[in-house]
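For reference, the structure is listed below as C-alpha cells.
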Amino acid sequence: MFSAMILAGGSASRMNGINKQLALLGGIPVVIRSALAFQNSRLVSEIILAVPQGEEQNYRNLCREYSITKLKAVTAGGATRFLSVKNALEQVSDNCGYIAIHDGARPLISTTDIDRVLNDAMESGGAIAAAPVTDTIKQCRVGIIEATADRSELFAAQTPQAFRKELYTSCMEKLGKRAETLTDDSALLELCGEPVHITPVTACNMKITRPQDLAIAEAVFAKKEG
C-alpha cells in the first residue's frame, strides 16, 4: 500500500503573502482538496502532511474538521523540497512499500489520475503524473535561440510522483548531498539510472503558484462540479 506525502510547507513568495495552501477552493482549503483526493484512493493507506514549522497543529485541526481519517502524521517541512520529503519519509509506516509525493498546491488532481499513477508505479517501480507539452520549446543561451525541441517527446512533470519506497531511499543514499539540490522527485531516480514511467493525466492538474492561479483554479473547479 501507499503512503501519500503531501508537501504544503513552501513559502508564499510569489503569492503576495497569501498562504495558498489555506486559500479556499470551492469553500474548502486548497491543501484539504489535495488530501481528499488521496483520502478517496483505495491504494492509499495513510497520508502525511509536511507543513510550515510551527503550524502543525493548525493543519491537524483542519484534517480533523474535513474528516481526513487516513492522516498518519503532520511534520515540519524543510528548507528545500528534498528535506521536506526526507522529514515526511521518517513518518512512513513500515508496512507501506510504496510512497506517493504530491504538491499540496495541486488541488485539482482527481482520485482517478492518482490511482493511474500509483498503479503504474507498482508495475515499474516509479511513475509520475505528467502533461504533454503543447507550446513550442526553445533552447536559448543569453537570450538567443540555439535549438527548437521536439515537443512530441516533451512532458511537463507534475505530481503525484510515486515510487517503490526501498528504491527511492536507496537512490537518496547513493546521491547523498547532491540529492538536496533537486527540485523534482523523479530526478533522484533518473540520476541513478533508474527508469521512471510517464502517466499522462486526464484532467487539469495545475499548480497554484501566483494569486491569479486561484481564480483560474476556481473556474476549473466550478466547471468540473457543474
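Quick notes on this one:
- The simple spin-label model puts a point 7 Å past each Cα toward its Cβ; for Asn19 and Leu154 those points are separated by 3.7 nm.
- Rounded to the nearest 0.05, the FRET efficiency derived from the C-beta distance between Leu191 and Thr111 at R0 = 25 Å is 0.25.
- If you sort the three axes of the alpha carbon gyration tensor as a ≥ b ≥ c, you get a/c of 1.5 or more for the range 134-179 and a/b no higher than b/c, which makes it oblate.
- Antiparallel DSSP beta bridges within the range 2-225, percent to nearest 5: 45
- From the alpha carbon centroid of the range 182-226 to that of the range 17-67 is 17 Å.
- Calculated FRET efficiency for the pair Asn61/Ser124, C-beta based, R₀ 35 Å, to 0.05: 0.40
- Taking all Cα pairs closer than 8 Å and separated by 6 or more residues, the relative contact order of the chain comes to 24 percent.
- By the rule of a second cysteine Cβ within less than 4.7 angstrom, the chain holds isolated cysteines at Cys63, Cys96, Cys140, Cys204.
- The phi-based Karplus calculation (6.51 cos²θ - 1.76 cosθ + 1.60; θ = phi - 60°) puts the 3J(HN,Hα) values of the range 178-183 at 4, 5, 5, 8, 6, 10 Hz, whole numbers, x for Gly and Pro.
- Least to most buried among Thr75, Thr209 (fewest other Cβ within 10 Å first): Thr209, Thr75
- The chain: most fluctuating residue of Ser34, Ser124, Ser110 per GNM, C-alpha cutoff 10 Å: Ser124
- Close Lys-Lys pairs in the range 2-225, where close means Cα under 16 Å and separation is 8 or more or interchain: 6
- Net charge over other residues, Cβ less than 13 angstrom from the Cβ of Asp113 (K, R count +1; D, E count -1): +1
- Positive-end extreme of charge dipole, the chain - chosen from Ala149, Ala127, Val31 (charges on Cβ): Val31
- Among Leu62, Met172, Val117 the positive-end extreme of the charge dipole of the range 2-225 (Cβ point charges): Leu62
- Restricting the range 1-109 to GluC sites (Glu not before Pro) that sit in a DSSP loop and have at most 13 other Cβ atoms within 10 Å of their own Cβ leaves Glu90.
- Kirkwood hydrodynamic radius over Cα pairs of the range 26-94, then Stokes diffusion coefficient at 20 °C and 1.002 mPa s, in µm²/s: 173
- The chain, dipole about Cα centre (Lys/Arg Cβ +1, Asp/Glu Cβ -1), debye to the nearest 20: 440
- Here's how it looks for Ala156: its modeled amide H is under 5 Å from those of Ala131, Val133, which are all 5 or more places away or on a different chain.
- Three-way shape call for the chain based on the alpha-carbon gyration tensor, with the a/c threshold at 1.5: rounded
Read-outs throughout are calculated quantities, based only on the coordinates presented, and are distinct from any laboratory measurement. Just so we're clear, the structure is a prediction, and the values are computed from it rather than from any experiment. Reconstructed Cβ throughout: ideal geometry from the backbone, glycine too, with neighbour counts over all protein chains shown.
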